[in-house]
Each structure stands twice: as structure tokens, then as C-alpha cells.
Amino acid sequence: MMLEFFHAVDTGRARSNNEDSVAIDEANALAVLADGMGGYNAGEVASNMATSFLKNELGRWLAEAAGRASDVEVRRAMDICVDNANR
């Protein structure tokens with residue numbers, strides 16, 4: 001199956017900068033989006049750190065699983081990576 005990834009972000013009407021972040025790992029068919037929580041200090045830094053971490057950690061796990069993981073195992077790996085990103 002061939003996947004194409006596209007993303008677009010918008011600052012909206014209330015903000016002057018965009019604090020959202022998107023990371024794409026085409027090799028592992030992984031796209032990660034983090035909302036930067038506009039209005040908080042350094043939301044763009046936090047969202048970028050989160051997407052980078054998840055792309056790297058979950059991408060590594062997916063590459064090692066090489067398509068052999070069940071949906072439940074992938075979901076569990078996602079949960080663990082998100083928990084670790086929030087530490």
C-alpha cells in the first residue's frame with residue numbers, strides 16, 4: 001500500500017505564531033501531530049519536542065516490529081511512547 005503524507009497548519013485568528021508541530025516518518029507510515037497550546041510559554045518548543053520524540057521512539061519500535069505487530073501491540077507502544085513523552 002502506498003501512502004502520501006501532507007500537512008498544513010494554521011495560526012487561526014487569535015495568534016500571531018503557530019505552535020503546532022507535525023512530524024512524518026514515511027518509512028514507518030507514521031504521522032504525529034501535537035497541538036502547541038497557544039498562549040502558554042514556548043508551546044511551539046513543547047509541541048516540537050513531543051512530535052520529534054514520538055516520531056523517533058515509535059518509529060524505531062515500528063521499524064523493529066517490521067509489520068509483525070498486532071493492532072493491540074501497536075496501540076500499547078503508542079501509549080507507552082506518549083506516556084514517556086509527557087515525563
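Values in this text are rule-based calculations from the coordinates and carry no lab data. The model shown is predicted, which means the values in this text are computed figures rather than measured ones. Glycine gets a Cβ as well: all are built from the backbone with ideal geometry, and neighbour counts include every protein chain shown.
Its residues counted as N, the stretch 21-85 yields a C-alpha radius of gyration over 2.2 N^0.38 Å of 1.17.
Ignoring everything except DSSP H segments at least 4 long, calculate the 222 nm mean residue ellipticity for the chain; use -39,500 (n - 2.57) per segment, divide by total residues, nearest 500.
My calculation for the chain gives -15000 deg cm²/dmol from helical runs alone.
Dipole size of the chain about its Cα centre, with +1 on Lys/Arg Cβ and -1 on Asp/Glu Cβ: approximately 120 debye, rounded to the nearest 20.
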